[in-house]
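Worksheet for the structure shown next.
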Amino acid sequence: MGVGEGRSTVALAIIRGYAWTQRHRNCMTVTSMARIITLFAFLPAFWPGAAAQPAPQDTPALELIFLSVGQGDGVVIRSPEGRVVLVDAGPASGIVRVLREREIDSIDLAISTHPHADHIGGMDEVIRQLPVRYYMDNGVPHTTSIYRNLLRTVERSEVTYLAPVARRIGLGSLSLQVLPPPDGDTLALNNRSVGVVAEFGEFRALLTGDSEIEELHHFLRLGVPPVTVLKAAHHGSRDAVSPAWLSATKPAVVVISCGLDNPYGHPHPWALRYYQAVASEVYRTDRHGEVTVRGHRDGTYAVVTGEAASDSRPSPDSVTFEEPVTPVAEGVLSLRVFADAPGNDHDNLNGEYVVIRNLSHAAVVVGDWTLCDTAAHCFTLPAEAAIAPADSVVIYTGRGAADRHRYYMNRGQAVWNNRGDAATLRNRGGHVVIRYVY
């Protein structure tokens, strides 16, 4: 994926892939509130084509700012009219300064998805120092001093408490759909996160706190729409994504909020595989810094990344085109290599594979086209091979029964170098169609 530090970044790597808390009142004051994977291969469905192109900057836009708060979450949603929603506030104080630097001096709605410190650590400061009209949490008390201090601050303020029930909240032209967490006192706090869908015309974004698979499937039962932007649940952990979840949400952009070299190993490599197999663009705050998405009413969007952390490492992924490039390549096909198979690569040859996706609305004939790595390990697609519109094919290293979606190189050992390689796709005339370097 093409990555730029401190500048607008739009990466093309599109590939195919696979909480209801019962509160008794919809709106109450804060004072009354106190009383009160087995992982598998992908390809379950069809995804849309190429990433939407950015609209002009002067058109009305919904702004999503994924703040770089380290190992935690903090997301600003700002409507074209300037109405502001803050979803979580990171692990520590200092967020008010960050908000003011972005010309945010009041909050219409603050949401704590769940009371873990990496989500509410800065919320006390926000409510103490900025005017906040409404506040919502998941309604589940916690025993930590951070939570108790936040609760006292909320109770002493003039903010109005909103229970996390299914509802729509209008903030100018922004429509916010609340996805309530499931009932159940035995559920872990992660699986009782409040979910929200932000909608502005055809543009939608979905945030689900630290939801794990159990709650994500609860949200599926409630009904979630396809979205343009998906915040990866639980910082990109392995137990917070599934083929069913991605099949329903179909994100074009995935943003993972996590800290550089965090002790939890977020994001998990398997979760990254899922996201990269579905989304056009995957961003990480530990590598890209702050990520801002401007979404327009017609569904188009633009992504801008802030300065990465001082010790962050740039993404090694890139997609480049070589000359001569056939006309079919530009904006029509994407290619990605999934090199690092689980376990020993040589014992799991079909754990490494290449995905070629047709981004266009017409079939692309790829018969007799050749895919090679830098060491000249090559595979030639059968003469009848073609990729249907918005469809993809997978080329596995090992052996298997081929069909129109799956092909096998029938190699006896791993092909793609985990430390970096290049995949080159040539047409039957030998011209380079697309080259993917990682």
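Using a 1.4 Å probe over the heavy atoms of the protein chains, calculate the carbon and sulfur portion of the accessible area of region 126-199 as a whole percent. Each step should come with its number before you reach the end.
Working: 1470 of 3090 Å².
Solvent-exposed carbon and sulfur of region 126-199 make up 47 percent of the total.
Using the per-residue mean of other Cβ atoms lying within 10 Å as a proxy for protection, in what order, highest first, do the peptides 63-70, 137-144, 296-303 fall?
Working: 63-70: 24.1, 137-144: 17.2, 296-303: 19.4.
Result, highest mean first: 63-70, 296-303, 137-144.
May I ask you to rank Thr380, Thr113 by accessible area, largest first, using a 1.4 Å probe over the protein chains only?
On the way: Thr380 75, Thr113 0 Å².
In descending accessible area the options line up as Thr380, Thr113.
Pop out the ³J(HN,Hα) list for region 279-287 in order, Karplus 6.51 cos²θ - 1.76 cosθ + 1.60 with θ = phi - 60°, rounded to Hz; leave Gly and Pro as x.
These are the phi-based 3J(HN,Hα) values: 7, 5, 9, 10, 10, 10, 5, 6, 10 Hz.
Rounded to the nearest 5, what is the percent of antiparallel bridges among the DSSP beta bridges in region 112-250? Spell out each step's value before the answer.
On the way: 15 of 20 bridges.
So the antiparallel bridges in region 112-250 amount to around 75 percent.
Each residue of region 272-277 in turn: what ³J(HN,Hα) in whole Hz from Karplus with 6.51, -1.76, 1.60 and θ = phi - 60°, glycine and Pro shown as x?
Values per residue, Gly and Pro as x: 4, 4, 4, 4, 5, 7 Hz.
At a threshold of 8 angstrom on Cα-Cα distance, excluding pairs fewer than six apart, so keeping six or more, what relative contact order does region 198-316 reach in percent? Spell out each step's value before the answer.
Numbers: 229 pairs, mean separation 28.9, N = 119.
Result for region 198-316 is 24 percent.
Using only the Cα atoms of region 358-438, construct the convex hull and provide its projected area averaged over every direction, in square nanometres to one decimal. Spell out each step's value before the answer.
Working: hull surface 21.8 nm².
That works out to 5.5 nm², a quarter of the Cα hull's surface.
What figure, in Å² to the nearest 10, do you get for the accessible area of His346 with a 1.4 Å probe and non-protein molecules left out?
100 Å²
List the residues, sorted by chain then number, that are 5 or more residues from Tyr408 or on another chain and whose placed amide H is less than 5 Å from its amide H.
Answer set, sorted by chain and number: Tyr396.
Need one number: nm distance between label points at Asp105 and Ala386, each 7 Å from Cα along Cα→Cβ, rounded to one decimal.
6.2 nm
Dipole of region 54-181, Cα-centred, from +1 at each Lys and Arg C-beta and -1 at each Asp and Glu C-beta, to the nearest 20 debye? Kindly include the intermediate steps, with their values, before the conclusion.
Working: 12 positive and 15 negative charges, 58 e Å.
Rounded to the nearest 20 debye, it is 280 debye.
Which distance in nm do the two modelled labels at Asp261 and Asn410 give, with both placed 7 Å along the Cα-to-Cβ direction?
Here the modelled spin labels are 4.8 nm apart.
Residues with amide H under 5 Å of Asp391's amide H, sequence separation 5 or more or different chain, H placed in the peptide plane at 1.01 Å from N; which?
Placed amide hydrogens put Asn358 under 5 Å from Asp391.
Percent relative contact order of region 74-198, based on C-alpha pairs within less than 8 angstrom and at least six residues apart? If you can, show how the numbers build up before the last one.
On the way: 253 pairs, mean separation 28.5, N = 125.
Dividing the mean separation by the residue count of region 74-198 yields 23 percent.
Can you list the HN-Hα couplings for region 156-172, worked out from phi with the Karplus curve (6.51, -1.76, 1.60; θ = phi - 60°), rounded to whole Hz and with x for Gly and Pro?
Ordered by residue, 3J(HN,Hα) equals 7, 8, 9, 5, 9, 8, 10, 6, x, 9, 4, 6, 10, 10, x, 10, x Hz.
Which peptide among 81-88, 248-255, 397-404, 364-371 comes first, and what is the full order, when sorted by highest mean count of other Cβ atoms within 10 Å? Intermediate values should be presented prior to the final figure.
On the way: 81-88: 22.0, 248-255: 23.9, 397-404: 14.5, 364-371: 18.5.
Per-residue Cβ counts within 10 Å, averaged per peptide and sorted highest first, yield 248-255, 81-88, 364-371, 397-404.
Starting from the amide H of Leu171, placed 1.01 Å from N in the peptide plane, find each other amide H under 5 Å away whose residue is 5 or more places distant or on another chain.
HN-HN under 5 Å from Leu171: Leu176.
Between Arg148 and Ala188, what is 0.36 nm times their sequence separation minus the Cα-Cα distance? Round to one decimal in nm. Walk me through the numbers on the way to the answer.
Working: separation 40, 0.36 × 40 = 14.40 nm, distance 1.85 nm.
Fully extending the segment from Arg148 to Ala188 adds 12.5 nm.
Measure out, as a whole number of angstrom, how far apart the alpha-carbon centroids of region 82-105 and region 188-233 sit.
Centre-to-centre (Cα) distance: 21 Å.
Between Arg221 and Asp403, what FRET efficiency comes out of the Förster formula 1/(1 + (r/R0)^6) with R0 = 30 Å and r the beta carbon distance, rounded to 0.05?
Numbers: r = 32 Å, r/R0 = 1.07.
The formula returns an efficiency of 0.40 here.
Quick one: putting +1 on the C-beta of Lys and Arg, -1 on the C-beta of Asp and Glu, what dipole do you get for region 169-241 around its Cα centre, in Debye to the nearest 20?
Details: 5 positive and 9 negative charges, 40 e Å.
That gives region 169-241 a dipole magnitude of about 200 debye.
Any chance you could look up the accessible area of Met409 with a 1.4 Å probe, heavy atoms only, rounded to 10 Å²?
Surface accessible to solvent at Met409 totals approximately 20 Å².
What does the C-alpha gyration tensor say about the overall shape of region 376-423? Classify as rounded when a/c is under 1.5, otherwise prolate if a/b is larger than b/c, or oblate.
Prolate, because a/c is 1.5 or more and a/b exceeds b/c.
If each residue of separation counts as 0.36 nm, what is the full-extension length gain between Val365 and Ser157 once their alpha-carbon separation is subtracted? All intermediate terms of the calculation are to be shown ahead of the outcome.
Numbers: separation 208, 0.36 × 208 = 74.88 nm, distance 6.44 nm.
Between Val365 and Ser157, full extension yields an extra 68.4 nm.
The values are calculated or read from the model by the stated rules, or taken from the named source; none is laboratory data. Model, not experiment: these values are computed from the prediction. Every residue, glycine as well, gets a Cβ built from its backbone with ideal geometry; the counts of neighbours run over all protein chains shown. Areas reflect the complete protein model, heavy atoms only, side chains present, ligands, DNA and RNA absent. Shrake-Rupley method; radii C 1.70, N 1.55, O 1.52, S 1.80 Å.
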